[in-house]
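Quick notes on the structure that follows.
The values are calculated or read from the model by the stated rules, or taken from the named source; none is laboratory data. From a predicted model like this one, the values you see are computed outputs, not experimental measurements. Using ideal geometry, Cβ is built from the backbone for each residue, glycine included, and neighbour counts are taken over all protein chains shown. Quick note on the areas: whole protein, heavy atoms, side chains included, nothing else; ligands and nucleic acids left out. Shrake-Rupley method; radii C 1.70, N 1.55, O 1.52, S 1.80 Å.
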Amino acid sequence: MAWRCWCSRGPPPCGAGADLSKCRWQRCARQPWPSWAPSLKALEVSPSMQDPPIWQRVLAALAYLLPWSDAFSFGRGLFGLFPALQWLGVPILPIALLEQAVPFGGLVLFLVLFLAVVRNNKVPYVIRFNVLQAILIDIVVVLVSLAFQVLQLGALGFVGKTLSNTVFIGILVLVLFAVVQNLRGKEADIPSLSEAVRMQL
């Protein structure tokens with residue numbers, strides 16, 4: 001049973017216009033908190049329920065440029081049919097320049113994000129969550145890319161192009177979903193993958 005403490009002013013001369021300094025206070029009494037009243041803890045706003053500030057949303061959304069930079073090459077078959085899709089590669093130009101300018105630039109970027117962001121408890125949770133989720137998506141994309149090279153799936157003609165286009169569209173949908181959710185201040189919840197991320201954090 002929850003309790004509350006209440007106090008009330010004593011009898012006259014504590015009426016209207018009286019000198020309040022002369023008023024005496026009745027002793028505080030403990031009375032049970034009504035069962036219908038919400039608890040104080042329930043009225044408190046949890047920090048996790050608050051919308052993250054705009055700068056955290058933007059940084060969390062930018063994390064998904066990492067998997068998109070590796071998945072963009074799968075769309076070569078679609079670029080001839082829909083040239084406008086090539087504009088989707090503009091946001092990943094800084095990452096592409098970094099990978100060309102720095103030896104093993106992709107690996108360096110991966111390690112920096114993982115060690116300096118994901119494993120840094122000083123970084124806000126929403127950024128760490130999305131960076132790790134973007135890294136896991138990127139790992140899947142890299143593994144698929146290696147499978148294409150080893151199995152020479154790109155040489156299968158129509159079948160190879162279909163598989164490549166499927167990977168491109170699939171990653172595009174995931175990235176757009178994650179970016180939109182982050183800009184809205186919502187968690188980009190991807191089944192199974194997000195659960196794995198939460199277990200690591």
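So here's what we get for this one:
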quantity: Projected label distance in nm at Ser192 and Ala101, using a 7 Å step from Cα toward the beta-carbon; calculated: 3.8 nm
quantity: Loop-located chymotrypsin sites (Phe, Trp or Tyr not before Pro) in region 110-201, at most 16 other Cβ atoms within 10 Å (DSSP); calculated: none
quantity: Where region 43-156 is the region considered: accessible area per residue in Å², 1.4 Å probe; calculated: 62 Å²
